[in-house]
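*Asks:* I'd like to ask you about the structure that follows.
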Amino acid sequence: MVLNMPKSVTRLLRHRLSSLRLDLIHAKYTDCPPDWIRRDFIPEYNKFYYIVDGCGSITVGGQTFLPEPGQLFFAPADVMQSFSVTNGPPYQMYWCHFTSNIAMGQLFQTFGLPNIVTVQDSGLLLKHFGQMMTNRGSQWPTSSLKIQSALFEILALFIDTALSDKNLTLPGLADSKLIDTIHYIDQNLSKEFTVDELSEIAHFHPNYFIRFFKMHLGVPPMRYIHERRLERAKELLSSTEMKISEIANMTGFYEASHFSTAFKKYTGTSPSAYRNR
């Protein structure tokens, strides 16, 4: 699969998705009735519709879509929506409603992700929907794990399909102040950072910069830097023979003991054990 976005943007998206939590509300197959219609409502949940057959109209945030059979449609929470039948047989669809701990609409907008993708492997997608539907009312101990797995697989399928589209366009994100700041951090992990310094790079007031940064990455700047240091340390431990003290210095931990403590807290294991795993 070829990703049609810069590495810095890919890293940013990966970071946002790493903390994502999803909770299924409902999953079902429906033959929509001839009076399938609802106007101007704002749901508190996200939605996936997989169109098996039929036709209809769905409006999200003022933009109208006409999803076709074989397409997977996404509608985020907290956005004005409408739907209705059109001239033709009503939709037959698999659908699910779910909540998330981050604003999915903002995530999709930030990374230029579409509302519709055409599914290449419908059998795999239907397997995931079936897994959610089968386990939703089950009292089996692992049913919730199977639901979570299926829901994440559907979202991953959607995003993977979108990212492989050569026509995917980023809404100015690749050249944004945020990406410039992220690139600067990655190139200077061995040094100390201050919010004032980073906000100057982004040309924002420090207070606004912190809010802006957290809005897009889900964590404040200093926490992001701390996690990037440790992620870089993991890469170096896995791919080089550098001494642990050298890796500590390269990632901004000037005392090996501090590095070891932070690394174990972050990964659950010591640097040496991580390297020898």
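*Asks:* Out of the residues in the range 261-277 that are small (Gly, Ala, Ser) and under 30 Å from the mean Cα position of the chain (by Cα), which is surrounded by the most Cβ atoms within 10 Å (Cβ to Cβ)?
*Replies:* Ala262
*Asks:* Hey, among the residues in the range 41-83 that are of a type in the set (Val, Ile, Thr) and in contact (Cβ under 8 Å) with a residue 40 or more places away in the chain, which one's surrounded by the most Cβ atoms within 10 Å (Cβ to Cβ)?
*Replies:* In this case the residue turns out to be Ile51.
*Asks:* Considering only the range 90-112, I want to know if a residue exists there that is among the β-branched types (Val, Ile, Thr), crowded, with 19+ Cβ neighbours inside 10 Å and farther than 15 Å from Cys32 by Cβ.
*Replies:* Yes - at least one qualifying residue is present in the range 90-112.
*Asks:* A further question on this structure: Name, by its number, the condition in (1) touching a Phe, Trp or Tyr at 6+ places or on another chain (Cβ under 8 Å); (2) at pLDDT 90 or above that does not hold for Thr181.
*Replies:* Thr181 satisfies every listed condition except (2).
*Asks:* Take the range 194-233 and flag every residue that is more than 22 Å from the chain's Cα centre (by Cα) and surrounded by 18 or more Cβ atoms within 10 Å (Cβ to Cβ).
*Replies:* Leu198, Ser199, Ala202, Phe204, Ala233, listed by residue number.
*Asks:* Can you tell me which residues in the range 236-277 are of a type in the set (Gly, Ala, Ser) and either in contact with a Cys (Cβ under 6 Å, 6 or more places away or on another chain) or under 17 Å from Ile225 (Cβ atoms) (or both)?
*Replies:* Within the range 236-277, Ala248, Gly252, Ala262 qualify.
*Asks:* Restricting to the range 220-262, name every residue that is of a type in the set (Val, Ile, Thr) and without any contact (Cβ under 8 Å) to a residue 24 or more places away in the chain.
*Replies:* Thr240, Thr261 - these are the residues of the range 220-262 that are of a type in the set (Val, Ile, Thr) and without any contact (Cβ under 8 Å) to a residue 24 or more places away in the chain.
The values are calculated or read from the model by the stated rules, or taken from the named source; none is laboratory data. Since the model is a prediction, treat every value here as computed from it, not as a measurement. Note that we place each Cβ from the backbone using ideal geometry, even for glycine, and neighbour counts take in every protein chain shown.
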